[in-house]
Amino acid sequence: MTTTIELGLGEQELALRERAGRVIPGGMYGHMSVSSFSTAHPQFVVSGEGARVWDADGREYLDLMCSWGPMIIGHRHPAVTAAIVDQLGRGDCLDGMTPTAVEYAELLVDTVAAADWALFCKNGTDAMTTCVTTARAATGRRKVLVARGAYHGAVPGFAVRGEGVTAEDQAHLVRYEYNDLASAQAAADEAGSDLAAILVTPFRHDIKRDQEMVDPEFARGLRALADRTGAVLVLDDVRATHRLDLAGSWEPLGVRPDLSAWSKPLANGQPLGAVTGVDALRGAVGRIYVTGSFWTGAVPLAAGLATLTELRRGEALPTMERAGSRLRAGLAAQAAAHGCTIRQTGPVQMPMLSFADDPDFRVVTAWAEAAVQRGVYLHPWHNWFLSSAHTDEVIDAILERTDGAFAVVAGR
């Protein structure tokens, strides 16, 4: 029998929203604000374990967002929790780096194929800012190629939406179309001798559109374009970090970037970002000035070391791929049974579902809201995330609940 939760938002959730509205602009800010995509999702989540989270009213949800990416081996993973507790007992924000930073950097460099060095920060925006600054320092140039619609960080120099960003902030960005090599070449021609960097994501994961896997020839073409122009090829691996391949998302294609930006699941929920690069850029990254009072925090680095150690055991990635394939097959069967036409795009570890003939996302939003009302937390127009905590049993429980969501939209 399908497990459901009581429809409607709970009393504690509503009370928290009212309190938050008085002291937090909009009650919530940033990409996790549920008001931007749902009237049914809880804004407040109080605990998590494995592939489950609980809201302020004690309701359980099977989690297909993994905190919007950071949870790669599940909420409150024992090995990561133990590392956090152990480091907290000795200190976190200290007067310098702890030995853990060196140990983790060594392990990351040993893991990532295109890494001769690593440095740490707090999030993906930090990492991408560091990459661009390094590329400009190395080349003495200013222009940066960016795919239209791509998200590379929440700062004026990258922002794709929101007020307060001026044309001057993005004066040195030149746009190209993802998977269109001729477009990238034209953008490079426009930048001319002032081209410092080419930014690219491992696959196209813009919001409010079907995901698009990279064409291997496009990836190889960008590598060749960077080599011809002397630009730095930067792979923004922030969202996909470690989920597709521990050595780097483009390693299976045989394409290695000069710089890579990492974050989201690096430390399984602790705030951590990283930049890795090749020896040729070691001098440039040493000349720039990027910093933060908390960039050397020992607890996130300990969590990162524990997370990567767990991932290198070799079980997590196959588990995520199996779970994603099982989920995709189950959703396809349910949609067909209810007469719904859906598209499932992106890698199975980071899937996205959309409905045909749904340009304003009304159908998929109704489906997502019906799913969360039945205890499955997912997003209508952002990719989801799988973790190694998504066992066959968890996927089967999710599918028991999503079947009811298809019934809802089929009967509209």
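Residue by residue, here is whether (1) on the phi > 0 side of the Ramachandran plot; (2) outside any strand (DSSP E or B); (3) buried (at least 19 other Cβ atoms within 10 Å of the Cβ) holds:
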position: Met32; (1), (2), (3): no, yes, no
position: Thr39; (1), (2), (3): no, yes, no
position: Val46; (1), (2), (3): no, no, no
position: Glu49; (1), (2), (3): no, no, no
position: Trp54; (1), (2), (3): no, no, no
position: Gly58; (1), (2), (3): yes, yes, no
position: Tyr61; (1), (2), (3): no, no, yes
position: Cys66; (1), (2), (3): yes, yes, yes
position: Gly69; (1), (2), (3): yes, yes, yes
- prompt: Taking the condition assigned by TED's automatic domain parsing to the domain that holds Leu145, in a loop (DSSP other than H, G, I, E, B) and buried (at least 17 other Cβ atoms within 10 Å of the Cβ), does Pro271 pass?
  reply: yes
Exception for Asp95 within (1) on the phi < 0 side of the Ramachandran plot; (2) surrounded by fewer than 22 Cβ atoms within 10 Å (Cβ to Cβ); (3) in contact with a helix residue (DSSP H, G or I) (Cβ under 9 Å, 6 or more places away or on another chain); (4) part of a loop (DSSP other than H, G, I, E, B) falls at (3)
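Yes/no per residue for (1) closer than 30 Å to Ile72 by Cβ; (2) surrounded by 15 or more Cβ atoms within 10 Å (Cβ to Cβ); (3) among the polar types (S, T, N, Q); (4) touching a Ser or Thr at 6+ places or on another chain (Cβ under 6 Å):
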residue	(1), (2), (3), (4)
Arg141	no, yes, no, no
Ala154	yes, yes, no, yes
Val165	no, yes, no, no
Gln170	no, yes, yes, no
Leu173	no, yes, no, no
Ala188	no, yes, no, yes
Glu217	yes, no, no, no
Among (1) surrounded by 23 or more Cβ atoms within 10 Å (Cβ to Cβ); (2) more than 30 Å from Glu106 (Cα to Cα), His242 falls short only on (2)
Checked Ala247, Ala226, Ala240 against criteria (in a loop (DSSP other than H, G, I, E, B) and either in contact with a strand residue (DSSP E or B) (Cβ under 7 Å, 6 or more places away or on another chain) or over 11 Å from Ala113 (Cβ atoms) (or both)); the one match is Ala240
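The values are calculated or read from the model by the stated rules, or taken from the named source; none is laboratory data. This one's a predicted model, so the numbers in the text were calculated from it and none came from an experiment. Glycine also receives a Cβ, built like all others from the backbone with ideal geometry; neighbour counts cover every protein chain displayed.
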